[in-house]
1. Do any residues of region B:78-107 show a loss of at least 40 square angstrom of accessible area between the isolated chain and the full protein assembly, using a 1.4 Å probe, and if so which?
2. Summarise the accessible area of region A:8-276 (1.4 Å probe, protein heavy atoms) by the percent that is carbon and sulfur.
3. Kirkwood Rh over alpha-carbon pairs of region B:282-375, then Stokes-Einstein at 10 °C and 1.306 mPa s: what D in µm² s⁻¹, rounded to an integer?
4. Inter-copy label distances at A:Asp203, 7 Å along the Cα→beta-carbon direction, one decimal in nm, shortest first?
5. Would you work out the relative contact order for chain B, in percent, from Cα pairs under 8 angstrom that are 6 or more residues apart?
6. For an R0 of 51 angstrom, estimate the FRET efficiency from the Cβ-Cβ distance between A:Arg125 and A:Ala369 and round to the nearest 0.05.
7. Not counting ligands, DNA or RNA, and with a 1.4 Å probe, what is A:Glu187's accessible surface area in Å² rounded to the nearest 10?
8. Quote the convex hull volume per residue of region B:50-116, based on C-alpha atoms, as a whole number of Å³.
Protein chains: 2
Amino acid sequence: MSATASHFHLIKTDSGTAARRGRLQTAHGTIETPIFMPVGTQATVKALTPAQLREIGAQIILGNTYHLNLRPTSELIAELGGLHRFMRWDGPILTDSGGFQVFSLAKLRKLRDDGVEFHSHLDGRRLFLGPREVVAIQSNLGSDIAMVLDECPPWPCERAACEAAVARSARWAAQCLAAARETGFFERGQLLFAIVQGSTYDDLRRGAAESLAALDFSGYAVGGVSVGEPEPEMLKQVGATTPFLPAHKPRYTMGLGTPPQMLKMIAQGVDMFDCVLPSRVARHGLAFTPDGPLNLRNEKHRRDPRPISEEVVNYTTQFSRSYLRHLVQAGEILGCTLLTLHNLHFYLDLMAQARAHIEAGDYASWHRAWCERYESGAQRV
Amino acid sequence: MSATASHFHLIKTDSGTAARRGRLQTAHGTIETPIFMPVGTQATVKALTPAQLREIGAQIILGNTYHLNLRPTSELIAELGGLHRFMRWDGPILTDSGGFQVFSLAKLRKLRDDGVEFHSHLDGRRLFLGPREVVAIQSNLGSDIAMVLDECPPWPCERAACEAAVARSARWAAQCLAAARETGFFERGQLLFAIVQGSTYDDLRRGAAESLAALDFSGYAVGGVSVGEPEPEMLKQVGATTPFLPAHKPRYTMGLGTPPQMLKMIAQGVDMFDCVLPSRVARHGLAFTPDGPLNLRNEKHRRDPRPISEEVVNYTTQFSRSYLRHLVQAGEILGCTLLTLHNLHFYLDLMAQARAHIEAGDYASWHRAWCERYESGAQRV
């Protein structure tokens, strides 16, 4: 198997938008796209068991290279049979390169041409992450989909700094691909995705997309979005990137988004999403509904016997708002579990609806109506 | 239905010990005794869903009157259909009277002859709990088994103070029974248990047991144990009480205990137990095994691919000690969930084993061998 194997099949392309209905083959099973991928940073999707993830229809989850490499270390996970076996998740796993967290979490980092030196945020230990290292770590983890090392420019970003980041990211991407080929990565059934940077500079994004597209990666991510920029700017950046990505490869926007953002990006031709939002806000008492998020801390839910939503059916929607509010107010772990389960199910089910509407050919009108209802009904978080 | 209805059936009494194999009928189902009851203080067994409780074989759970009456209040729970419906647990529920927490948690409490005045530990609100109030609250909750209000003497306790507490508890018990009868408690299928106090004074315990036995309660609890006294003293107090309780009523020691303590009390004729120990220590990384508790924080489990125990099969035992240790070290909620599930399953399964051995007629030798192995193998917590 090589990075060029036809692991991705386009089942249908929408006529009214750039939305795509696809199927991605991995070593641990097939993923129906568009898809949302729950985030399992530290070898666990916070507050849920693997059985609960299956129950809500999760097809693929994320692991976090930076965190797992620090603790328990990728060597230990390899020794215990890889990340799937370690966490008892036998479906596909995507891991990031760890680069993003080096920039956001690590201390005393030093950017070099061959990678980035940093100190662990846990114990100050000195570490280095370069293209070879991120491929080796993701080999150890046994990731079905690995990401290249990149430099994610902040927002806003001066053009010169952005050009340098794009150039460095391009070199690292090529080095990651070479390292993957040399070490039998693709023969083991693992996939490697490139990441397009370029901040708000359309021409830099196009250049990055085209030069990475010329290399034969398994898929392509739009990086450097949702780093502080306003939503229209974010969507504009995605729109400035996807047209220059190969049509027959999966496309992934990293770290996104709200439900309407995901639907709008699907309309721009994006296939894959991941975001900590649904699970993180769950732990703060927020539940998603087709009419916007519901803040269960709100006093008005105190005596409310209704479920979070009458239109959504999952394990959590058997409970009243009153009970869920009680759990949240009392700081009970079960509140985190039930709301995480609900929110992730809401995201996964939204993707299932999106797939059905792309197949049915009415994605354009459906997603506009869905966003309109969600955004107009949105309660204040 | 009255408190005297034959809701409890002794299936077998052990010849080698005072152990009993029984069956307790409640409005929400039958309980096979001896039984352990997971504690669901705030309308949730911490970190588990009702489905997970069912999966590990929970037959009956506890709710906590003091906590639920403060938040969300028993009136609100009644409005939402009672505690079973509120928390979506359709099996039996036992609630305590709230008295114990008034003494251990509340601020500025004032003991009166007709009850106890106190301030909420949550918001300082002034409240009063008397015999009528605890019956009314437990009516609101819809408890299958309610407990009388009592005064639990501390350990150690002067004889005069203990005598006063026993006398006050006896008056309150009779007043609770009267209030229950007047308000249709038994007609609704609810049961009411008395509580025997008496601290370390055998004659006071015997007197309390006999005078409460003369009243027709649905069951009898041994109270005031595990309040700081050494284990031999605790077992002695249970032994000084059970012989004077009616044989045809269930017996319950409140707030107990370790696995060997429960087995030893079963041998003394106790049928029911509850304890926060297995769930509380789970949240600190401790897992029960037939060879004693395992502290998963210990460095020696870092690379250990084995399950918590080779002899125990539940959802948690598919995971390695290494993974569980990782979750505990990383402070992940899933660690709490998986270890709570394991520990409660361990307790429930131990009770299932005890029931089988009482039926088989070898409880005496089996429970001695079990305790010996557990206590000799016990790792340092």
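The values are calculated or read from the model by the stated rules, or taken from the named source; none is laboratory data. Note that the structure is predicted; figures quoted are calculated from it, not measured. Cβ placement follows ideal geometry from the backbone for every residue including glycine, while neighbour counts extend to all protein chains displayed. Each accessible area value is taken on the protein alone, full model and side chains, heavy atoms only, with ligands, DNA and RNA left out. Shrake-Rupley method; radii C 1.70, N 1.55, O 1.52, S 1.80 Å.
1. B:Glu79, B:Leu80, B:Phe86, B:Arg88
2. Values: 4820 of 8950 Å².
Carbon with sulfur: 54 percent of the solvent-accessible area.
3. D, rounded to a whole number, is 114 µm²/s.
4. Label point to label point, same position, other copies: 10.3 nm.
5. On the way: 765 pairs, mean separation 69.8, N = 381.
Across chain B, relative contact order equals 18 percent.
6. Numbers: r = 52 Å, r/R0 = 1.01.
With a Förster radius of 51 Å, E is 0.50.
7. The accessible area comes out at roughly 120 Å².
8. Numbers: hull volume 7.1 nm³, N = 67.
That works out to 107 Å³ per residue.
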